[in-house]
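In what follows, a structure is listed as structure tokens, so that the remarks can point back to it.
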Amino acid sequence: MIQYKRGLVIGRFQPFHNGHLELVHEILNECEELVLAIGSAQFNYLLKDPFTAGERIEMIHASLSSQRIDPSRVFLIPLANFENNACWFEYLKSMVPQFDILYSGNEYVRYLVAKKIIVKVHTFKNKPKFNGENIRKLIVNDGKWDDLVPIPVKEIIKNIGGTERIRMLAKSDTYPQKW
């Protein structure tokens, strides 16, 4: 049942996975429109952030299209990090369309916006499985990852050499995070 004009979700979507897609469906049942703010838009080619903002936009757009979600209901906004946390919410509001409710599973984000906006806590049903770090680890370790993302995301990752990129980043001396 539609309760709000517009909802907002902030995420890095590294990559956009089936948990994100399920969340989009849930929110669009409650909101006329959804703003997906693609956080850390300035970062890419890092193990934590392997995909560019443009690649993530393509992943999300293709996933929503494959689900026949009306693109006029979803705004995709790349959002660079803002390091002054005391002013972060004002920065956020200046960078995205107006919204009525924020959906967040991040306790720190909820703390920063307390008393400023309605916040609905969301959690992925199987967060250990449906999270970007797990998917990237599975890619590095040749595990089964492609059933955790929508088919268009799997295709985009393969077409851009994303699995090779993530494996290379995992071996890099520049970013020595090992899994």
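In segment 95-123, the qualifying residues are those that are assigned to a helix (DSSP H, G or I) and among the β-branched types (Val, Ile, Thr), and the one that is surrounded by the most Cβ atoms within 10 Å (Cβ to Cβ) is VAL109.
Here's the yes/no breakdown for (1) in contact with a Gly (Cβ under 6 Å, 6 or more places away or on another chain); (2) modelled with pLDDT of 95 or more; (3) buried (at least 22 other Cβ atoms within 10 Å of the Cβ); (4) within 30 Å of LYS171 (Cα to Cα):
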{"residue": "GLN3", "(1), (2), (3), (4)": "no, yes, no, no"}
{"residue": "ARG6", "(1), (2), (3), (4)": "no, yes, no, no"}
{"residue": "ILE10", "(1), (2), (3), (4)": "yes, yes, no, yes"}
{"residue": "ILE27", "(1), (2), (3), (4)": "yes, yes, yes, no"}
{"residue": "PHE43", "(1), (2), (3), (4)": "no, yes, no, yes"}
{"residue": "LEU46", "(1), (2), (3), (4)": "no, yes, no, yes"}
{"residue": "ILE57", "(1), (2), (3), (4)": "no, yes, no, yes"}
{"residue": "SER72", "(1), (2), (3), (4)": "no, yes, no, no"}
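Looking across segment 129-152 at every residue that is under 21 Å from SER65 (Cα atoms) and assigned to a loop (DSSP other than H, G, I, E, B), the one that is modelled with the lowest pLDDT is identified as PHE130.
Sort out which residues of segment 85-104 are farther than 23 Å from LEU21 by Cα and among the hydroxyl-bearing types (Ser, Thr, Tyr), and write them in order of number. Scanning segment 85-104 gives TYR91, SER94.
The one condition from (1) of a type in the set (A, V, I, L, M); (2) in a helix (DSSP H, G or I); (3) without any contact (Cβ under 8 Å) to a residue 24 or more places away in the chain; (4) farther than 17 Å from ASP49 by Cα that LEU92 does not meet is (3). Does VAL149 count as of a type in the set (Val, Ile, Thr), surrounded by 15 or more Cβ atoms within 10 Å (Cβ to Cβ) and in contact with a strand residue (DSSP E or B) (Cβ under 9 Å, 6 or more places away or on another chain)? So VAL149 fails the test.
Evaluated against (1) outside any helix (DSSP H, G or I); (2) without any contact (Cβ under 8 Å) to a residue 40 or more places away in the chain; (3) under 14 Å from the mean Cα position of the chain (by Cα); (4) closer than 17 Å to ALA37 by Cβ, GLU83 falls short on exactly one condition, (3).
So is TYR103 among the hydroxyl-bearing types (Ser, Thr, Tyr) and more than 20 Å from PRO15 (Cα to Cα) or not? No.
With (1) modelled with pLDDT under 95; (2) of a type in the set (D, E, K, R); (3) farther than 21 Å from LEU46 by Cβ as the list, and LYS171 as the residue in question, which single condition is left unmet? Looking at each condition in turn, LYS171 falls short on (3). When segment 57-80 is filtered for residues that are within 25 Å of TYR111 (Cβ to Cβ) and assigned to a loop (DSSP other than H, G, I, E, B), the ones remaining, listed by number, are LEU79, ALA80. Look at segment 132-150: where a residue is touching a residue at least 60 places away in the same chain (Cβ under 8 Å) and a partner is among the hydroxyl-bearing types (Ser, Thr, Tyr), sitting 6+ places away or on another chain with Cβ atoms under 6 Å, you get PRO150/SER63.
Of all residues in segment 54-75, those that are within 21 Å of LYS5 (Cα to Cα) have Cβ atoms under 6 Å from Cβ atoms of residues that are among the charged types (D, E, K, R), 6 or more apart or on another chain, in ARG73/GLU33.
The values are calculated or read from the model by the stated rules, or taken from the named source; none is laboratory data. Note that the structure is predicted; figures quoted are calculated from it, not measured. Every residue, glycine as well, gets a Cβ built from its backbone with ideal geometry; the counts of neighbours run over all protein chains shown.
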